[in-house]
Structures are given as C-alpha cells and as structure tokens.
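A short write-up of the structure that comes next.
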C-alpha cells in the first residue's frame with residue numbers, strides 16, 4: 001500500500017458505493033472532485049469528493065447570525081470560541097476504485113470502508129497513477145448524486161489534470177472517453193465547457 005499522507009478526517013457513514021467523513025478541523029474540506037482514500041488491513045479505497053457541508057452538531061438546530069457587532073468573520077469566532085465545538089464540517093465521496101496489494105482497480109471494492117477509518121488526501125503522484133485509466137468515469141456518469149454529473153465530472157477532471165505531466169493530453173483523452181459514455185451530447189458539451 002502507498003504511504004499515507006495528510007489526514008482529512010474520519011468516516012462516519014459508509015456503504016459499498018460511498019462514504020461520508022467528518023473533518024477534524026472546521027472548514028478544512030477537500031475540494032469538489034478531489035481524490036481521497038481510506039484503508040483497512042488489506043484494501044485501500046479511493047473516492048471522489050462530491051459533496052461537502054458545515055452544519056450544526058445538533059440535528060434541527062440551525063446556527064444563528066452573530067456578527068452584527070463584529071468587524072470580520074474571524075472576530076465572530078474569537079468572541080464566540082464555542083462555535084468551533086458546536087459546528088462540524090463533513091464531506092461525502094463516491095467510491096471509484098480500490099487497491100489490493102500492488103494492483104489498482106477502477107471499480108467498486110468487495111466491501112465498504114469501516115466506520116472511524118481515517119480519510120487522507122491523495123498525493124499528486126497517486127492522482128496521476130489513478131488517472132492513467134479513465135474507467136472510473138463510468139461510475140461518475142452513471143451514479144445519481146445531489147450534485148450534477150456535469151459539475152462533478154468537470155471538477156474531477158480539472159483536479160486530476162493538475163497532477164498529469166501533460167494536462168491537455170489527459171483532458172483530450174477524458175473527452176473522448178466521455179463521448180462514448182454519455183448518450184446526451186448536451187451533457188458532454190456542458191462538461192467540456194467547464195474544463196476550459
């Protein structure tokens with residue numbers, strides 16, 4: 001297994017197709033479309049971040065405005081330090097692959113991630129390696145999520161292109177793969193428009 005890197009948080013919900021993680025630090029969320037990983041004893045799971053939120057720890061209790069007499073947002077947290085303990089930031093990731101031993105697979109793993117497993121940001125080298133195969137795009141375009149397919153695919157490709165030796169070649173290859181996968185030309189056009 002690859003070396004673990006920057007720890008983002010801990011899994012609080014898990015299924016075969018996705019997982020949700022709570023961040024240790026408020027607002028320290030990975031970007032939309034970024035590749036993250038988690039592991040257990042034998043398998044490393046890879047996910048693409050598709051949603052992030054910061055909410056109250058208590059369900060049904062909304063935060064209230066506190067900045068009327070403050071000059072900056074930072075001043076709100078300085079005058080009410082308890083806020084960092086009353087709010088939480090979490091993100092959800094769609095599982096798009098896994099590693100068993102030295103082999104990288106671009107399909108769902110045999111079992112879901114474990115609750116309380118740590119979630120890490122992938123290094124540029126890991127993103128580059130994962131992006132060598134575009135088979136994960138099929139999972140992205142065929143899954144129903146609370147974010148549009150066009151936005152998620154474009155964000156993912158922008159993130160992955162940054163780690164490639166030649167981002168333009170990578171994006172052209174991804175565009176060709178999407179042309180095969182997407183039955184709707186307007187979807188393809190929307191994704192390609194967001195990659196500029």
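Brief remarks on what is shown
- Any hit, the range 123-142, residues being within 14 Å of the chain's Cα centre (by Cα), part of a strand (DSSP E or B) and closer than 26 Å to residue 13 by Cβ: no
- In the condition set (1) loosely packed, with under 13 Cβ neighbours inside 10 Å; (2) under 14 Å from the mean Cα position of the chain (by Cα), residue 84 is compliant with all but (2).
- Meets criteria (crowded, with 18+ Cβ neighbours inside 10 Å, part of a loop (DSSP other than H, G, I, E, B) and at negative phi) for residue 174: no
- Some residue of the range 146-161 being surrounded by fewer than 20 Cβ atoms within 10 Å (Cβ to Cβ), more than 16 Å from residue 191 (Cα to Cα) and in contact (Cβ under 8 Å) with a residue 60 or more places away in the chain: yes
- Selection status of residue 74, in contact with a helix residue (DSSP H, G or I) (Cβ under 8 Å, 6 or more places away or on another chain), more than 17 Å from residue 127 (Cβ to Cβ) and free of Cβ contacts under 8 Å to residues at least 12 places away in the same chain: no
- Residues (out of contact with any strand residue (DSSP E or B) (no Cβ under 8 Å at 6 or more places or on another chain), closer than 21 Å to residue 28 by Cα and modelled with pLDDT under 95) located in the range 83-130: 83, 84, 85
The values are calculated or read from the model by the stated rules, or taken from the named source; none is laboratory data. Keep in mind that this is a model prediction, so the values were computed, not measured. All Cβ positions, glycine included, derive from the backbone under ideal geometry; neighbour counts span all protein chains shown.
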